[in-house]
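K.L.:
Let me give you the structure first, and then I'll get to my questions.
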Amino acid sequence: MHDEVAPDRPDSRALMAEIERDVRERRRTGDLDPDFERELDVVFAEVAPPGAFGGGFDTVVDQAARHAVVDYDVPIAGRRPLRMVKRAVKLLTAWYMIYVGRQLVAFASTTLRALRILGGRVDALEARSPATDPRVAATFAPVGDDLDATPFAGAVTQALQASAVRGGRVLHADCGDGALLVALKGAGIDVYGVDPRSDAAARADALGIEVRREGALDHLRSVPAGALAAVVLSGCVDRLTLGDQIELLDLASSALVSGGVLALIGRDPGAWSRAMAPVASDLAAGRPLHSSTWAHLLSSRPFTGVRVHDAPVSVPDAVAASDDPAVRALAAAVFPPPAFAVIALRR
Amino acid sequence: MTVPSSADPLRVHQFLPALSPRDAIGAHTLAMQRVLEDAGLGGGIFAAEIHRDLRRHARSYHDYRPRAGDVLLYHAAIGCALGDWMAGRSEPLVLDYHNITPPEYFEVWAPETGLLLAQGRAQLTRLAPRATLGLADSSFNAAELDRLGCPRTAVVPVFIDPTTWGALDTAARDELLATKRGTDWLFVGRVAANKAHHDLVRAFAVHRRTWDPHARLFLVGGVTSEYQYALDRLVTRLGLDGAVIFTGSVTPGVLGAHYAAADVFVCLSDHEGFCVPVIEAMWWGLPVVAFASTAVTETVGDAAVLLEHKEPALVAAAVDRVARDAALRDALVAAGRLRVDHFSPARTAATLLGALKTLLVAA
């Protein structure tokens, strides 16, 4: 039994911040070789068997086909007397092994054939779904510029201050160049971001913001339950398919501590479709949801205090100066807010 | 159903798929048996497979003969015919859930093991709702039992009893210390994909290249499946032959030597139901760096550097920090020792008997 008293425990958050700063500094100075880090990302996948990292349906079925072939040539290596015995057993039981083996191969090949037929039917179904058809995905050109999330920094900060959560990390996905994170960090909030685009993440790195090169869904799947004080989602919320948008919401809900803040910063669908070329908007795999839709989705999940914050609208001066209610109503219809933040607290 | 009367002494019989030495569940079963016997509740140990060194402790489950007052305690960890047999019994059932690794981790590397795990999960789904009580090594495991409809659960950690570990192999330790030139990383656990040895190797490669060219990584644990073959090729591709050492299964004395000689214990497992080796490492005074996944987070408590993600550079930097920073190291070691006390056999025994008291009351 150990009787000693532990010295002061290190502040784990400060320690991790120092460790992450060390990594960033070594990346900046070139101590950490980016080529080597990239190589590490792929090298294990290259030496692993097909299907170890997903690899798709066809890869896994091909692997099953390899395993379906029964090898009748039983190894008989060993020291001389043992090898002789093994050889004799092999010869004496060959007819039996082949008889049983053929039945196994017949069963496996029939099952594989059924799987391939099923795969073909799923392929045909997917080809009719714009979200999964690669020909449609190739046509779709996403909006190039990121939505500016910084107008909502104040609303997010206020929601955090009003919540019962003290401390804890705040995640922004997709954080782009990290402008919102810079604003939140300036308010003394412990922040980090994720963004799958290396160029955007590199710009955030340059601002001294910790950014991981990862997609929002992939990252949130790896975050332990209740680990985050707040989650801010932008960019991805407008691009993902409906199924992925809902999964994103559920993952964020799981990652949040009780009382934590979720902020969904999205484009208004009307503003989005006007900003997009017709071909791109018609063929987009995913599209923005209305703020009321997000609010509805949040209210059917463990969230409370759902509030919608609209971004400022720029309207012609003459319209802005008008006191006529009819003009104002018309302006609201013609110039809807281009973006919004839906903010809620995790129960 | 056999209904015990007040005249029938309550006996808790333990059932498990395999009773093996050098195995956390085997050691846990034997320790639990001592506690049950001391409390006057001891029944027998019954297993599907029994290692020859432990045959005096257990019998085949086919030899079990029911008596009034019997309670059957099943250690669920993998699928086997015994699980189906348990589902058909009418005696009061206590499940001791040690976690069943999701089969996806094994489907590619060891399909047979994947099938057994899938079978184990299916059996657990059937057993959990009809159990009188579910014991779980961790809250993580208990939550799974709750989801499966187990009517009552209690967290009873794995018995970890250092007095049963045997003597340290000092020659092995001295050899490890004599050949040390840099930071020695250590991980202990079966070489299996859920334990993410490949992430350890990748992080270690960054550490060697950027922080410590003389570092070594010792991976102690039995080997299964094609995963080892892929790891061997990964080590060679990264030019780490000789620096990454797979020891295979070792004796308790050699295991102690590795704990005694290493500088930092690094666990990047994706899925653990408890993770006994991190507590062993703490007992040996090793600082721990761990990825915050599944039950690892609650097992280490605040006595480890917990990583929210395992980007290789981050892991490498964390290990370097622990190896270099004497104050941090001392704090982690001291916190680790307190954590070991939290899992002392006496404390676990009290927790177990407290949980079983509900059965006594019912009887």
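K.L.:
If I ask for residues that are assigned to a loop (DSSP other than H, G, I, E, B) and touching a residue at least 60 places away in the same chain (Cβ under 8 Å), which ones from the stretch A:176-218 would you list?
P.N.:
A:D190, A:G208, A:E210, listed by residue number.
K.L.:
Working only within the stretch B:20-53, note down all residues that are farther than 28 Å from B:G354 by Cβ and more than 13 Å from the chain's Cα centre (by Cα).
P.N.:
B:S20, B:P21, B:A48, B:E49, B:I50, B:H51, B:R52, B:D53
K.L.:
Residues of the stretch B:270-286 being open to solvent by 10 Å² or more (accessible area, probe 1.4 Å) and part of a helix (DSSP H, G or I), which ones?
P.N.:
Selection gives B:V276, B:P277, B:E280, B:W283.
K.L.:
Are any residues in the stretch A:208-240 within 11 Å of chain B (Cβ to nearest Cβ) and either under 13 Å from A:D195 (Cα atoms) or of a type in the set (V, I, T) (or both), and if so, which ones?
P.N.:
Of everything in the stretch A:208-240, those that are within 11 Å of chain B (Cβ to nearest Cβ) and either under 13 Å from A:D195 (Cα atoms) or of a type in the set (V, I, T) (or both) turn out to be A:E210, A:R212, A:R213, A:E214, A:D218, A:H219, A:V223.
K.L.:
Now, a different point. Which members of the stretch A:183-195 meet the condition of being out of contact with any strand residue (DSSP E or B) (no Cβ under 8 Å at 6 or more places or on another chain) and either buried (at least 18 other Cβ atoms within 10 Å of the Cβ) or aromatic (F, W, Y) (or both)?
P.N.:
If the condition is that a residue be out of contact with any strand residue (DSSP E or B) (no Cβ under 8 Å at 6 or more places or on another chain) and either buried (at least 18 other Cβ atoms within 10 Å of the Cβ) or aromatic (F, W, Y) (or both), then A:A183 is the only one that fits.
K.L.:
Look through B:V235, B:V288, B:V264 and report the one residue that is within 13 Å of another protein chain (Cβ to nearest Cβ), under 20 Å from B:A335 (Cα atoms) and over 15 Å from the mean Cα position of the chain (by Cα).
P.N.:
Only one candidate qualifies: B:V288.
K.L.:
Okay, next question. Within the stretch A:109-147, how many residues turn out to be assigned to a helix (DSSP H, G or I), modelled with pLDDT under 65 and exposed (fewer than 11 other Cβ atoms within 10 Å of the Cβ)?
P.N.:
Here the count works out to 3.
K.L.:
Within the stretch A:49-72, can one find any residue that is open to solvent by less than 20 Å² (accessible area, probe 1.4 Å), within 30 Å of A:L104 (Cα to Cα), more than 7 Å from every other protein chain (Cβ to nearest Cβ) and not in a loop (DSSP other than H, G, I, E, B)?
P.N.:
The answer is yes, given that some residue of the stretch A:49-72 is open to solvent by less than 20 Å² (accessible area, probe 1.4 Å), within 30 Å of A:L104 (Cα to Cα), more than 7 Å from every other protein chain (Cβ to nearest Cβ) and not in a loop (DSSP other than H, G, I, E, B).
K.L.:
May I ask you to list pairs of residues, at least six apart or on different chains, whose Cβ atoms are under 6 Å apart, with the first in the stretch A:273-302 being within 15 Å of A:R239 (Cβ to Cβ) and the second being charged (D, E, K, R) and open to solvent by 60 Å² or more (accessible area, probe 1.4 Å)?
P.N.:
A:G286/A:R239
K.L.:
May I pose another question? Among the residues of the stretch A:237-246, are any hydroxyl-bearing (S, T, Y), assigned to a strand (DSSP E or B), surrounded by fewer than 18 Cβ atoms within 10 Å (Cβ to Cβ) and touching a residue at least 24 places away in the same chain (Cβ under 8 Å)?
P.N.:
In the first step, residues of the stretch A:237-246 are kept if they are hydroxyl-bearing (S, T, Y); the result is A:241.
If we keep only those that are assigned to a strand (DSSP E or B) as well, we get none.
Looking through the stretch A:237-246, none of the residues is hydroxyl-bearing (S, T, Y), assigned to a strand (DSSP E or B), surrounded by fewer than 18 Cβ atoms within 10 Å (Cβ to Cβ) and touching a residue at least 24 places away in the same chain (Cβ under 8 Å).
K.L.:
A:F335 passes all but one of (1) modelled with pLDDT of 80 or more; (2) under 24 Å from A:A155 (Cβ atoms); which number fails?
P.N.:
All conditions are met except number (1).
K.L.:
Here's something else I'd like to know. Residues that are over 30 Å from B:A154 (Cβ atoms), within 8 Å of chain A (Cβ to nearest Cβ) and in contact (Cβ under 8 Å) with a residue 24 or more places away in the chain: does the stretch B:327-335 have at least one?
P.N.:
yes
K.L.:
Of all the residues that make up the stretch B:305-326, how many are at the interface with chain A (Cβ under 9 Å from one of its Cβ atoms), under 23 Å from the mean Cα position of the chain (by Cα) and not basic (K, R)?
P.N.:
5
K.L.:
In the stretch B:217-227, what residues are surrounded by 19 or more Cβ atoms within 10 Å (Cβ to Cβ) and within 14 Å of another protein chain (Cβ to nearest Cβ)?
P.N.:
Those that are surrounded by 19 or more Cβ atoms within 10 Å (Cβ to Cβ) and within 14 Å of another protein chain (Cβ to nearest Cβ): B:S225, B:Y227.
K.L.:
Among the residues of the stretch A:224-236, which ones are of a type outside the set (S, T, Y) and open to solvent by less than 20 Å² (accessible area, probe 1.4 Å)?
P.N.:
A:L228, A:A229, A:A230, A:V231, A:V232, A:L233, A:G235, A:C236
Conditions tested, residue by residue: (1) outside any helix (DSSP H, G or I); (2) in contact (Cβ under 8 Å) with a residue 60 or more places away in the chain; (3) in contact with a Cys (Cβ under 6 Å, 6 or more places away or on another chain); (4) not polar (S, T, N, Q).
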residue	(1), (2), (3), (4)
B:V201	no, no, no, yes
B:R209	no, no, no, yes
B:H214	yes, no, no, yes
B:Y227	no, yes, no, yes
B:D232	no, no, no, yes
B:V235	no, no, no, yes
B:G239	yes, no, no, yes
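K.L.:
Could you please find all residues in the stretch A:25-44 being assigned to a helix (DSSP H, G or I) and surrounded by 15 or more Cβ atoms within 10 Å (Cβ to Cβ)?
P.N.:
Passing the criteria: A:R26, A:R27, A:F36, A:E37, A:E39, A:L40, A:V43, A:F44.
K.L.:
Among the listed residues A:R87, A:R13, A:R28, A:R79, which satisfies the condition of being among the charged types (D, E, K, R) and modelled with pLDDT under 80?
P.N.:
The match here is A:R28.
K.L.:
Right, something else. Being closer than 22 Å to B:V296 by Cα and either of a type in the set (A, V, I, L, M) or within 12 Å of chain A (Cβ to nearest Cβ) (or both) is the filter here, so list the residues in the stretch B:89-113 that pass it.
P.N.:
Matches in the stretch B:89-113: B:L95, B:I100, B:E104, B:Y105, B:F106.
Residues are listed down the side, and each one gets a yes or a no for (1) in the same structural domain as A:L240 (by TED's automatic domain parsing); (2) crowded, with 19+ Cβ neighbours inside 10 Å; (3) assigned to a loop (DSSP other than H, G, I, E, B):
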position: A:G266; (1), (2), (3): yes, yes, no
position: A:S292; (1), (2), (3): yes, no, no
position: A:H309; (1), (2), (3): yes, yes, no
position: A:V315; (1), (2), (3): yes, no, yes
position: A:A329; (1), (2), (3): yes, no, no
position: A:A333; (1), (2), (3): yes, no, no
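K.L.:
Suppose we filter A:G168, A:G215 for residues that are surrounded by fewer than 24 Cβ atoms within 10 Å (Cβ to Cβ), under 22 Å from B:H309 (Cβ atoms) and at pLDDT below 80; which single one remains?
P.N.:
A:G168 is the lone residue from the list that is surrounded by fewer than 24 Cβ atoms within 10 Å (Cβ to Cβ), under 22 Å from B:H309 (Cβ atoms) and at pLDDT below 80.
Here's the yes/no breakdown for (1) open to solvent by 10 Å² or more (accessible area, probe 1.4 Å); (2) more than 21 Å from B:W165 (Cβ to Cβ):
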site	(1), (2)
B:L268	no, yes
B:T294	yes, yes
B:T299	no, no
B:P312	yes, yes
B:V333	yes, no
B:A349	yes, no
B:T358	yes, yes
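K.L.:
State the number of residues belonging to the stretch A:66-115 that are closer than 19 Å to B:P111 by Cβ and among the small types (G, A, S).
P.N.:
Counting residues in the stretch A:66-115 that are closer than 19 Å to B:P111 by Cβ and among the small types (G, A, S) gives 5.
K.L.:
Which of the residues belonging to the stretch A:151-165 are outside any loop (DSSP other than H, G, I, E, B) and open to solvent by 70 Å² or more (accessible area, probe 1.4 Å)?
P.N.:
Residues satisfying the conditions are A:P151, A:Q158, A:Q161, A:A162.
This table checks each residue for (1) buried (at least 20 other Cβ atoms within 10 Å of the Cβ); (2) without any contact (Cβ under 8 Å) to a residue 40 or more places away in the chain.
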{"site": "B:G42", "(1), (2)": "no, yes"}
{"site": "B:R55", "(1), (2)": "no, yes"}
{"site": "B:A58", "(1), (2)": "yes, yes"}
{"site": "B:R67", "(1), (2)": "no, no"}
{"site": "B:I78", "(1), (2)": "yes, no"}
{"site": "B:L82", "(1), (2)": "yes, no"}
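The values are calculated or read from the model by the stated rules, or taken from the named source; none is laboratory data. As the structure is a computational prediction, the values presented were derived from the model and not from experiment. Counting neighbours? That spans all protein chains shown, and the Cβs are built from the backbone with ideal geometry, glycine included. What goes into the accessible areas is simple: the full protein's heavy atoms, side chains included, and nothing from ligands, DNA or RNA. Shrake-Rupley method; radii C 1.70, N 1.55, O 1.52, S 1.80 Å.
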